[in-house]
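All remarks here apply to the structure that follows.
FYI, it's all coordinate maths here, none of it is from the lab. Not measured: the values here are computed from a predicted model. Here the Cβ positions follow ideal geometry from the backbone for every residue, glycine too, while neighbour counts run over all protein chains shown.
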Amino acid sequence: MYWDREHETMSREQLRALQLERLQLTIERVYRNVPFYRQRFTEMGIKPSSIRTLEDLRRLPFTTKQDLRDNYPFGLFAVPMSDVVRVHASSGTTGKPTVVGYTQNDINTWAELIARSLVCAGGTKFDVVQNAYGYGLFTGGLGLHYGAERLGAAVVPVSGGNTQRQLMLMQDFGTTILTCTPSYALYMAEEGQKMGLDFKKMPLKAGIFGAEPWSERMRRQLEEKLDLMALDIYGLSEIMGPGVAMECAEKQGMHIWEDHFIPEIIDPATGEVLPPGEEGELVITTITKEAFPLIRYRTRDITRLDTEPCPCGRTHYRIRRITGRSDDMLIIRGVNVFPSQVESVLLEFGETEPHYLLVVDRKANLDYLEIWVEVAEHMFSDTVRKLEDLEQRLRERIESVLGISARVKLVEPNTIPRSEGKAKRVVDRRQI
Ligand code: ADP
Ligand code: K
Ligand code: ZN
């Protein structure tokens, strides 16, 4: 029923004591090994010995994605590269990605937390886990992979895409646990139906869905169509990757693994810590990471912390569904996209106007991105070929920066509505 009963069901007092001990070690580590933190702490008159209680955490400064960008690529690592065994990356706010590193111990911790998360979904060594999260620089694929192996399950490292083959393997291998984004799972369900598959006759029992926001409505659809228990998993590369928090069979929010991460909920406007239960931005401090520890990292994800005891017996607090972001990041097919990334490409090209719009839609459970870009009047008197050529070059460059496919549509001046004040860069038509 549990993977690590001792840690998952610790009393709150024990858990707090463990957190304080680990927090103090982490503060010492970053103070010693990361010039960025030493300088920040010194400016604020903070020494490692200043952190005497868990409440003292509030005195420490936040870390933001901009800090990661300023220290690109390895500047915040707290160990020499000889101790780093893996590097992952996710979208940054402009062209450069956010880079994270892991020691062997970090990889082990990650595998442990994923194993815990799989057990939350009823996983055992007898399961066949079809892992359709993308493998590569993104944390989804490899993160789930090592945890499923740790559990002793049989992992099918199929990665994303190629839906017909996914469905064939699912049938032939007798997949019992499916891991992927919720929108891709729905897409698979519908493709399967078209192929005449009867999911009720297949051994699928659980789906571990995350990397993008979804809803109770989607949960009902997934459970009905795929005949499984659909659970939510949360994570972000900066903190580790998937498996930072995982729902149990109670389906009342995701247990955040507090023996490794300390969550806080803040008012995104003032930075003030909010009382338990209030909605705000999730801030996380890592307390066991070696290569890439982060102090009070602002996730920009909006949620609330549920401190009520859970009937499953796990004592770790739960975060509720992520309801939005406190920045302009979009998640398209599980991939993080910032409008500023598109802007940086347009600036680099210098052949268009600075007015652009990202139009996102979901058709048949797949996300589509169209980018409208205004070009000068005289461009339209040029040959069609010239315009098509620009469109294609922009598309190729944007796709390589964003990591997802997109359609570029060149439009005439003043096509994109102007707004007073902050420009509106996104039209999101998706319903989840
Ligand atoms: P991952 O591969 O886990 O998606 P990324 O670092 O690429 O990692 O993206 C992390 C972001 O994805 C989070 O900050 C959050 O906005 C979003 N995300 C991850 N899991 C969920 C989830 N279960 N529900 C809503 N959003 C999620
Ligand atoms: K994501
Ligand atoms: Zn629970």
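The lone criterion from (1) under 24 Å from Gly210 (Cβ atoms); (2) touching a residue at least 12 places away in the same chain (Cβ under 8 Å); (3) in contact with a helix residue (DSSP H, G or I) (Cβ under 9 Å, 6 or more places away or on another chain); (4) more than 16 Å from ligand 2 (Cβ to nearest atom) left unmet by Ala121 is number (3). Counting only residues that are among the β-branched types (Val, Ile, Thr), in contact with a strand residue (DSSP E or B) (Cβ under 8 Å, 6 or more places away or on another chain) and part of a helix (DSSP H, G or I), segment 104-148 holds 3 of them.
Taken together, the residues in segment 226-243 that are more than 16 Å from Gln130 (Cα to Cα), part of a strand (DSSP E or B) and more than 8 Å from ligand 1 (Cβ to nearest atom) amount to 1. Of the residues contained in segment 313-322, one or more are found to be within 16 Å of ligand 3 (Cβ to nearest atom), closer than 30 Å to Met218 by Cα and either part of a helix (DSSP H, G or I) or over 24 Å from the mean Cα position of the chain (by Cα) (or both).
Among the residues making up segment 71-85, those that are free of Cβ contacts under 8 Å to residues at least 24 places away in the same chain and not in a loop (DSSP other than H, G, I, E, B) are Met81, Ser82.
The rows are residues; the columns are (1) part of a helix (DSSP H, G or I); (2) among the polar types (S, T, N, Q); (3) more than 24 Å from the chain's Cα centre (by Cα); (4) surrounded by 12 or more Cβ atoms within 10 Å (Cβ to Cβ).
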| position | (1), (2), (3), (4) |
| --- | --- |
| Trp3 | no, no, no, yes |
| Glu13 | yes, no, yes, no |
| Leu23 | yes, no, no, yes |
| Tyr31 | yes, no, yes, yes |
| Pro61 | no, no, no, yes |
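Screening the candidates Thr299, Thr288 for the property of being closer than 30 Å to Val79 by Cβ and within 15 Å of ligand 2 (Cβ to nearest atom) yields one hit, Thr299. Looking across Glu258, Glu247, Glu212, Glu223, one residue alone is closer than 30 Å to Glu6 by Cα and in contact with a strand residue (DSSP E or B) (Cβ under 8 Å, 6 or more places away or on another chain). It is Glu247. Gly101 satisfies every condition listed in (1) under 12 Å from Phe292 (Cα atoms); (2) part of a helix (DSSP H, G or I); (3) not hydrophobic (A, V, I, L, M, F, W, C) except (2). If you go through segment 178-202 and pick out every residue that is out of contact with any Ser or Thr (no Cβ under 9 Å at 6 or more places or on another chain), among the aliphatic types (A, V, I, L, M) and more than 15 Å from Gly140 (Cα to Cα), you end up with 4. Checking each residue in segment 250-272 for being assigned to a loop (DSSP other than H, G, I, E, B), closer than 22 Å to Glu212 by Cβ and in contact with a helix residue (DSSP H, G or I) (Cβ under 9 Å, 6 or more places away or on another chain) picks out Lys251, Trp257.
The residue that is nearest to the chain's Cα centre (by Cα), counting only those in segment 192-225 that are part of a loop (DSSP other than H, G, I, E, B) and among the acidic types (Asp, Glu), is Glu212. Residues in segment 50-59 that are of a type outside the set (S, T, N, Q) and either touching a helix residue (DSSP H, G or I) at 6+ places or on another chain (Cβ under 7 Å) or in a helix (DSSP H, G or I) (or both): Ile51, Leu54, Glu55, Asp56, Leu57, Arg58, Arg59. If a residue has to be away from ligand 1 (no atom under 13 Å from the Cβ), in a strand (DSSP E or B) and of a type in the set (A, V, I, L, M, F, W, C) to count, how many in segment 273-303 make the cut? Qualifying residue count, segment 273-303: 1. Residues that are touching a helix residue (DSSP H, G or I) at 6+ places or on another chain (Cβ under 9 Å): find the strands (runs of 3 or more DSSP E) completely inside segment 324-432 holding 2 or more of those. Where strands (runs of 3 or more DSSP E) fall fully within segment 324-432 and carry at least 2 residues being touching a helix residue (DSSP H, G or I) at 6+ places or on another chain (Cβ under 9 Å), they are 330-332, 335-337, 356-363, 366-374, 407-411.
Can you find a residue in segment 137-147 that is more than 16 Å from ligand 3 (Cβ to nearest atom), in contact with a His (Cβ under 9 Å, 6 or more places away or on another chain) and not hydrophobic (A, V, I, L, M, F, W, C)? Yes.
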